[in-house]
Amino acid sequence: MKAALALADGRIFEGKALGASGETGGEIIFNTSMMGYQEILTDPSYQGQIITMTYPLIGNYGTNREDVESARPYASGFVVKEASGISSNWRADYSLGDYLRRHGIVGIQGVDTRALTRHIRDRGAQQAVLSTESVDPATLVARAQARPAMAGQDLVREVTCTEPYRWEESEWELGQGYRPAGAARFRVVAFDYGVKRNILRILAGAGCRVTVVPATTSAAAVLAEAPDGIFLSNGPGDPEPVTYAVETLRELLGRKPIFGICLGHQLLGLALGASTYKLKFGHHGGNQPVMDLKTRKVEITSQNHGFAIHPDSLAAAGSDLELTHINLNDRTVEGLRHRTLPVFSVQYHPESSPGPHDSRYLFDRFVEMMEAFRESPG
Amino acid sequence: MPKRDDIQKILLIGSGPIVIGQACEFDYSGTQACKALKEEGYTVVLVNSNPATIMTDPDFADRTYIEPITPAVVEKIIAAERPDALLPTMGGQTALNVTMELESSGVLKRHGVRLIGADVAAIHKAEDREAFREAMQRIGLALPRSIYVKSRQEARAAAAEIGFPSIIRPSFTLGGTGGNVAFNEEQFEAYVEWGLDVSPVHQLLIEESVLGWKEFELEVMRDRKDNVVIICSIENLDPMGVHTGDSITVAPAQTLTDKEYQIMRDAAIAIIREIGVDTGGSNVQFAVHPEDGRLVVIEMNPRVSRSSALASKATGFPIAKIAAKLAVGYTLDEITNDITKETPASFEPVLDYCVVKFPRFTFEKFAQTDDTLTTQMKSVGEAMAIGRTFKEALQKAIRSMEIDSHGFESRPHTGEALREKLRTPCADRLWYIGQALRDGMGLDEIYELSKIDRWFLFNIQEIIRFESALREAHELTVLLREAKTLGFSDRRIAEIRGVPERTVREMRRSEGIQATFKTVDTCAAEFEAYTPYLYSTYESECEAGPTMRRKVMILGGGPNRIGQGIEFDYCCVHASFALQEIGYESIMVNCNPETVSTDYDTSDRLYFEPLTLEDVLEIIRVEKPDGVLLQYGGQTPLKLAVPLEQEGVPIIGTSPDAIDRAEDRERFQKLLRKLGLKQPDNGTATSLAEALEIARDIGYPVVVRPSYVLGGRAMSIVFNDGDLEAYMASAVRASSEHPVLLDRFVMNATEIDVDAISDGTDVVIGGIMEHIEEAGIHSGDSACSLPPYSLKPQVLDEIRRQTVALAGELQVVGLMNIQYAVQDDEIFVLEVNPRASRTVPFVSKAIGVPLAKLGAKVMTGMRLAELGFTEERSIPYFCVKEAVFPFLKFPGVDTLLSPEMKSTGEVMGIDRRFGSAFAKSQIGAGTLLPTSGKAFVSVRDTDKQRVLPTVRKLVDLGFEIVATRGTAAFLREHGVAAQVVNKVLEGPPHIVDGITGREIAMVINTPTGLAAEQDSFSIRRSALTYFIPYFTTVAGAREAVNGIEAMAAEELKICPIQEYHRTGGETKS
């Protein structure tokens, strides 16, 4: 079956259908990870986005029950050069195509994904429509143009959990699978803006009893849990419209140690008075170099974001905000901390999954912060 | 952190001659290191005995010692040059081993030389298996179970514990020499014995077999701030059991989930930290159990390697260059990525294509050895191909190999014979897999037999299935685009359809199905790329963006093989440099990942492509070059001369017609007659009867060879009708299409090689080389001297006259090479090659004139007068080139030289005195000439008189002579005291006992004929395995003894090539 991808700026890419049939829309972006497509598909931060994989051979090792970052795939669509016709891995359950079909994700293969990536790089991420139905290209382009832009939309509401829940699973080990959470030394409340499970697994592995709460949970309700620390998760889209979260965070600042990742980092920045902006095509991949400005050491990081904190706004927000990490490719803000309050955050994904494990130390830093705060609060 | 300013002068050790396991990749790394270090303002002192390298060009280092890479010589260089630091990680195992010896003998300490890149402790920890094992245990990583042994008894005990199959790995050998898999006790005993012999420390590891596990490699880099990045992951198609150099490998890894990959990545990082490689690149090999993902560490190389060259070409990340910069103190974040220009080197490259590396074997040269692939490397070269899919890259890799395969041609095997082919790894197993799939064998069965991951098998199956679609389709046009995206060559499609290749090409053109070109950019298009490093694929968008500049396209040599190696890459690189110097855009086309020519900064533009007519034409269509230079890459591009010309492609330099006149037997004969030059009597036979008639007519011995192969393939000297009949029966099948050529063998003649250059009007001799060995041994295999050391001046003048006449008649524009045989002052023309020859780099280094550069310039129309090269240089020193052979890698192969080329590489010895230059060439080639001891002599009757002066000289030098009965009797008759030793057949104690007992210091043994060759085989073979110097020709022995004499008279001196060129080498240290 044929399929077509139409971009709002009029560019059309044709290929063959992959996964579910039908039509889907979203912001077209590209991800440069060469592995980990199942984790990427199930990352709730991709809500509202059609993902182009720059690596051309996707699906080689199939999909399995373990390599998921949430209950289901969130991507709006999936674009690849070649989806493997065989799943070759001892853990594989379903082929990529079957997996997408089962979850109703529309995909396309046979696309010159490098041409598409270059186009996105040069023209910017934009709305697109992906269809397996025989619709003429002009109509698809018009539909893409009619779609609302990513900026200004609150996508967190679409992905956050409805009820609080306790997280019980720890990290994955070869031959063991996910291990159960062990004895807890800390209580952590994690705001779910679209949380990736690996964050929760690592927190659990670090001795945290994690309660995941909806994004709209009030500060009072969080504090009522008497947590040792508060975690702000990753999530999709633009942080600016998520005003309720920013307001809640303002109330929580200084009350408990706070650690934010990705959208959580941006929301924290907004709560601290910084501002955010949309990147041309974002950072989506597992090879982004980030420097810790204190140690001057470089971490290879996993990233997935289309918005970022404006570097100039950090200074404007007051001398208490410190830039802790920068991206060495484009000098964008990758991390910040408050000089007096127990608050820090990073733009990238120290939990990776997929991606390198270089930045796991940040979780230790959060634990240390909770420990210190417990001994001398405030 | 800025670069170190506590060091100014850095010594770099190269890897020496090209051998199996150590090839051009170390010219690539050394050249990059030289460039990077000089760029940073350091003074670079280089030692490398290999003249065919770019790095030994006088411009690349400040002081270049083309001297043997031995601890003694390097010590002299250190004493003379007083370097502050030594960078040991660029010259392969050779450089590491020499460095370790210099360290343990205290030389480095004595002269205050610091190691940069990797220190002694790190090298030891990575190289010593026991230390490595302990290190891995410390960081909680598993290895296959293993036991380290130093004797046969210990080995037996180890086998009892580990069981079969088990792996035998000798310590400290190159390319896994002596490594083997034993499936039973008998094999085990044999392999252990051999392994103990070849290990310089007589140490082996007996290891649990992880045969059939998936094999992976990661290329890791670390800087002094402890930043670590993975440059590339590589997955081997051939599972564990086949040396990675002999495996088909794929980048990036294809069948690992992110969770599994990150385990490997974490392990690699932990390993480089634990081993303690402070700065630079390392390679870590892993095995993964296909059914449970269990991971074990196989080994770690604390230096740049063949895989780092591959990873550099596969990703566009220049590992060696960056490693050199890290060694002098930069950190990864301080170095800019050349390709993107704005992002730093502290990142991990991502690919948006698939890379396949394919090994190139030359088993046909070594008939006595079997082509089963094991843990000891046997391939002599490799090609790399890039495609958007594995299928495309694989099919491009196949046609890059130049083994007359253009896809998955069928194989005649079926049933159990076929299954056996799948079970036993061999050079062409891939085609048997194709055949099995064609026969309908299931993926699971093929997997069970071969243990090749089903993902690879499935992709091959898709190719095979499409073949039948192609075969059965009524209309080819509808399938053509898909065929091209699957990587099918026009030629293979044509074969399947039973039409000429041209028909497919024309159909493609009329359908508008043409190759597009994509960029290798390290970042999957996330950033703009400024370096035009391109590959072809069949996609929608072409990024080639050709310029409007004046441009010349250079066709490279493809994979290294015996007969066509680094020398031709050297020429291509020089052509590129020369063209850039005179304002041309240089475009390189090649598919060999080991080479300098495929560095993205060697030429203005690089196309990493197979060198087939189809692939080259697609590039020409896009680039529209003003000229194509195809006379520099050896036979590979030369074969394209006529077809390209027929396609209207402008070929610069000597015309394809002139090339044909030199290559076509009849036209060549006419040419010589016209000029009044002589050649040995000859004839062409299309049947055995004809051959016998011609042979009797011209008289034995006769050199016989098939007409359709080059480089001495299947060439032989026959002495009588019987030999000729045997040859005709086994080696070739003569027919009118494939006639056999017979030449009278010019006995006891001196062979001469001449390299010359012509601009169409003026001809200048580059160098006249006199071979040491008699005519009849392939020119690539014999040692030679420049200038000639024994020929009369009037003979040389006549050779000069003939050379000029031939160049003029052929209207040569560019380089040419002529081979002559001189017998009693009579000159015969053996061969004329109006193209770059294997000796161009040697001659250029010898005379200090970059012949290949000049050649490229005259090919664009410049005159030699303009270039200032108008007369032959005479040099006041001797340069001796010696060949290096891979015999040690091929058990059961005789070491005798013949008209069939067998050497993989060469070294150069330079000295004011011929004897010393020759001695250096021997030492450089690994023949450590003895200065005392017992010399064993056993020669055929015709050589007895000729060898006498040499033996007398040995006696004068204080050697004792040991000889077989016949030779001893002759020597005694002539007043030489010789002790008799038994031949092997005469029973023990015999000569081989003497060799294995290391009582013999050198062996002189010339073969007598087929039967006696068998008899003396064990003598030569044991001398080889025990590293006892051996000489199989009288001339070789004579000059070796002269070399010993020179060494006895005066200690060998060292002098950089720049000094030889400037002062003739008079100001020696």
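Please treat every number below as a calculation from the coordinates, not as lab data. Here the structure is a predicted model, which means the values were calculated and not measured. Don't worry about glycine lacking a Cβ; one is built from the backbone with ideal geometry, like all the others, and counts go over all protein chains shown.
Annotation: lysines with alpha-carbon distance below 20 angstrom to B:Lys225 (same-chain offsets under eight excluded): A:Lys294, A:Lys297, B:Lys3, B:Lys321, B:Lys325.
Projected over every direction and averaged, the convex hull enclosing the alpha-carbon atoms of the range B:863-934 yields 8.3 nm².
Amide hydrogen proximity for B:Cys426: with H placed 1.01 Å from N in the peptide plane, the residues at 5 or more positions away or on another chain lying under 5 Å are B:Leu373. Judged by the ratio a/c of the largest to the smallest principal axis of the C-alpha gyration tensor, chain B counts as rounded, that ratio being less than 1.5.
Around A:Tyr74, under 15 Å between beta carbons, what's the net of Lys plus Arg minus Asp minus Glu among the other residues? After counting each charged neighbour, the total is -2. Inter-chain Cβ neighbour count for A:105-118, averaged per residue, equals 4 (cutoff 10 Å, partner chain atoms only). From most to least packed by mean Cβ count within 10 Å, the peptides B:454-460, A:239-245 give B:454-460, A:239-245.
Straight-distance candidates among the lysines for linking to A:Lys280, with alpha-carbon spacing under 21 Å and chain neighbours fewer than 8 residues away dropped: B:Lys341.
Other protein chain C-beta atoms within 10 Å of residue C-beta, averaged over A:354-361: 4.
Among the trypsin sites (Lys or Arg not before Pro) within the range B:632-731, not one is in coil by DSSP while having at most 12 neighbouring Cβ atoms inside 10 Å. Please report how far the C-alpha centroid of the range A:274-319 lies from that of the range B:894-909, rounded to the nearest whole angstrom. Measuring centre to centre over Cα atoms gives 59 Å. Along each principal axis, taking the top coordinate minus the bottom one, the Cα set of the range B:604-749 gives 56, 36, 29 Å in descending order. Here the mean projected area of the convex hull built on the C-alpha positions of the range A:2-145 is 7.2 nm². Calculated from the alpha-carbon coordinates, the protein assembly as shown shows an Rg and a Dmax of 33.8, 114 Å respectively. Once the Kirkwood radius over Cα pairs is known for the range B:806-937, the Stokes-Einstein relation at 4 °C and 1.567 mPa s delivers a diffusion coefficient of 73 µm²/s. According to the calculation over all Cα-Cα pairs in the range B:351-490, the P(r) per 10 Å bin from zero is 11, 39, 38, 11, 1 %. Mean per-residue shielding of peptide B:693-706 is 0, counting Cβ atoms of other chains within 10 Å of each Cβ. Classify the range A:308-376 as rounded, prolate or oblate from the Cα gyration tensor: take a ≥ b ≥ c as the square roots of its eigenvalues, call it rounded if a/c is under 1.5, otherwise prolate when a/b beats b/c and oblate if not. Taking the square roots of the gyration eigenvalues as a ≥ b ≥ c, the range A:308-376 is oblate. From largest to smallest, the equivalent ellipsoid semi-axes obtained for the range A:162-209 from the alpha-carbon gyration tensor read 19, 13, 8 Å. Among the trypsin sites (Lys or Arg not before Pro) in the range B:97-195, those placed in a DSSP loop whose Cβ has at most 14 other Cβ atoms within 10 Å are B:Lys150. Relative to one another, the C-alpha centroids of the range B:1-74 and the range B:225-292 are positioned 28 Å apart. Overall form of the range A:156-375: rounded. Here a/c, set by the Cα gyration tensor axes a ≥ b ≥ c, is under 1.5. The packing ranking of peptides B:743-750, B:367-374, B:537-544, B:1030-1037, highest mean first, is B:1030-1037, B:743-750, B:537-544, B:367-374, where packing means the average number of other beta carbon atoms within 10 angstrom of each residue.
Between amide H atoms placed 1.01 Å from N, distances below 5 Å from B:Gln811 occur with no residue 5 or more places distant or on a separate chain. Membrane-span-like helices in chain A, defined here as complete DSSP H runs extending at least 20 Å along the helix axis by their C-alpha atoms with mean Kyte-Doolittle hydropathy no lower than -0.5, are A:361-375; this is a sequence and geometry rule, not a statement about a membrane.
Restricting attention to chain B, close to 70% of DSSP beta bridges with both partner residues there are antiparallel. Local charge for A:Ala219 was computed over the other residues whose Cβ lies under 9 Å away, with Lys and Arg +1 and Asp and Glu -1, and equals 0. Converting the Cα gyration tensor eigenvalues of the range B:68-117 into ellipsoid dimensions via √(5λ) gives semi-axes, longest first, of 15, 12, 10 Å. For GluC sites (Glu not before Pro), the sites in the range B:633-682 that DSSP calls loop and that have at most 15 other Cβ atoms within 10 Å are B:Glu647.
With the convex hull constructed from alpha-carbon coordinates only, chain A shows a mean projected area of 17.4 nm² over all directions. Determine which aspartates and glutamates satisfy two conditions relative to B:Lys944: a Cα distance under 12 Å, and not lying fewer than 8 residues away in the same chain. Those aspartates and glutamates meeting the cut-off are B:Glu973. With Rh defined as the Kirkwood radius, the inverse of the mean 1/r over Cα pairs, the Rg/Rh of the range B:476-593 is 1.03. Computed over chain B, the per-residue total of -39500 (n - 2.57) for DSSP H runs of n ≥ 4 gives a 222 nm mean residue ellipticity of -11500 deg cm²/dmol, rounded to 500.
Of interest is the spacing of the C-alpha centroids, which for the range B:461-530 and the range A:86-113 amounts to 25 Å.
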